[in-house]
There are 2 protein chains.
Amino acid sequence: MAGDFIPTQPIYLQLVQRICKQIVRGDLSAGEKLPSQRDMAIQVGVNPNTVQRVYTELERITVAETRRGQGTFVTRDEDRLLRLREELMGSYVAAFLGDMREMGFTLEEILRSFKECETLGLSHE
Amino acid sequence: MAGDFIPTQPIYLQLVQRICKQIVRGDLSAGEKLPSQRDMAIQVGVNPNTVQRVYTELERITVAETRRGQGTFVTRDEDRLLRLREELMGSYVAAFLGDMREMGFTLEEILRSFKECETLGLSHE
DNA sequence: ATTAGTGCACTAGAAATATAGTGCACTAAT
DNA sequence: ATTAGTGCACTATATTTCTAGTGCACTAAT
């Protein structure tokens, strides 16, 4: 019932990231309606006010748009979604490589570790 | 003065992670003394109580050990530090690949993105 | 014995996050 | 006009994190 969240980071940010991932993945398409604040709150097991903050944040980063009385929708700007995909990819990769560099790991070690995880279902196409 | 922290995660956890990275990287060696709680607090610009929590956590995960009246030291167990290196590598890689999979990125896309960041100083040795 | 340096325990408060609950304005459908 | 569904604003409270301050016990050096 409660979409599990880690307690060390604000729930609303985790939910923003989760929705962004769903968009990038294609589970949510441009223009698609998001659940109402009340419904989403029930679905993920948080307070409606928290969802309100999530949707406000999604609107701030121009990933969603709100039509009062109708609901909140994924932006219809498909270019924006393509940029979101590039932005997320870039930020996750940069953060990961930064962490690895801070710990002194070499690219060879990283790639070797990738192969150990490979069996767990990362697509190759 | 204040070692910059992101506001969305507890400072004490960020400091734990930072110290673990320094150990894995080799900037801190087995048995080496950490700064006193008071000194570390001044160095990173936080309250001594926060450092107290950091050192307690480092001791809980058996990465540091405390000698009352003397200070807190990196564990002298070098095997433990080797395991720490493997643990951190594994968890960071697993989290990263999990995020990538959630967003539907393929291994090829990841590797391509790596090459774009490669110029920014990741070692190849 | 005294002193300095250390970890540690404790209380209190500030700040941010999350929850709880209510109400209002807007939109669409009837 | 009425109704249902929606976003949005508002107040209040709980929880967690962080800060602030004090004091004590232990260790080593003098």
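The values are calculated or read from the model by the stated rules, or taken from the named source; none is laboratory data. Quick caveat: nothing in here was measured; it's all calculated off a predicted structure. As a convention, Cβ positions derive from the backbone with ideal geometry for all residues, glycine included, and neighbour counts pool all protein chains shown. Side chains included, ligands, DNA and RNA excluded: accessible areas come from the protein's heavy atoms. Shrake-Rupley method; radii C 1.70, N 1.55, O 1.52, S 1.80 Å.
Annotations for the structure displayed:
- Residue check for B:ILE11: within 14 Å of chain A (Cβ to nearest Cβ), modelled with pLDDT under 95, open to solvent by 70 Å² or more (accessible area, probe 1.4 Å) and closer than 20 Å to A:ASP99 by Cα: no
- Only residues that are over 14 Å from the mean Cα position of the chain (by Cα) and surrounded by 14 or more Cβ atoms within 10 Å (Cβ to Cβ) were counted across segment B:20-31, and they come to 1.
- Any hit, segment B:60-67, residues being surrounded by 19 or more Cβ atoms within 10 Å (Cβ to Cβ), within 14 Å of chain A (Cβ to nearest Cβ) and under 22 Å from A:PHE105 (Cβ atoms): yes
- Residue list for segment A:23-42, filter: under 25 Å from B:GLY104 (Cβ atoms) and within 13 Å of DNA strand C (Cβ to nearest atom): A:LYS33, A:MET40
- Within the option set B:PHE114, B:PHE73, being more than 17 Å from B:GLN14 (Cα to Cα), at pLDDT 95 or above and surrounded by 15 or more Cβ atoms within 10 Å (Cβ to Cβ) holds for one residue only, B:PHE73.
- Filter result for the condition that a residue is over 30 Å from B:LYS21 (Cβ atoms), within 14 Å of another protein chain (Cβ to nearest Cβ) and not in a loop (DSSP other than H, G, I, E, B), over A:ARG80, A:ARG53: A:ARG53
- A:VAL46 being within 16 Å of DNA strand D (Cβ to nearest atom) and in a helix (DSSP H, G or I): no
The rows are residues; the columns are (1) out of contact with any strand residue (DSSP E or B) (no Cβ under 9 Å at 6 or more places or on another chain); (2) of a type outside the set (Val, Ile, Thr); (3) closer than 27 Å to A:LYS21 by Cβ; (4) open to solvent by 40 Å² or more (accessible area, probe 1.4 Å).
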| site | (1), (2), (3), (4) |
| --- | --- |
| B:ARG38 | yes, yes, no, yes |
| B:LEU58 | no, yes, no, no |
| B:VAL93 | yes, no, yes, no |
| B:ASP99 | yes, yes, yes, no |
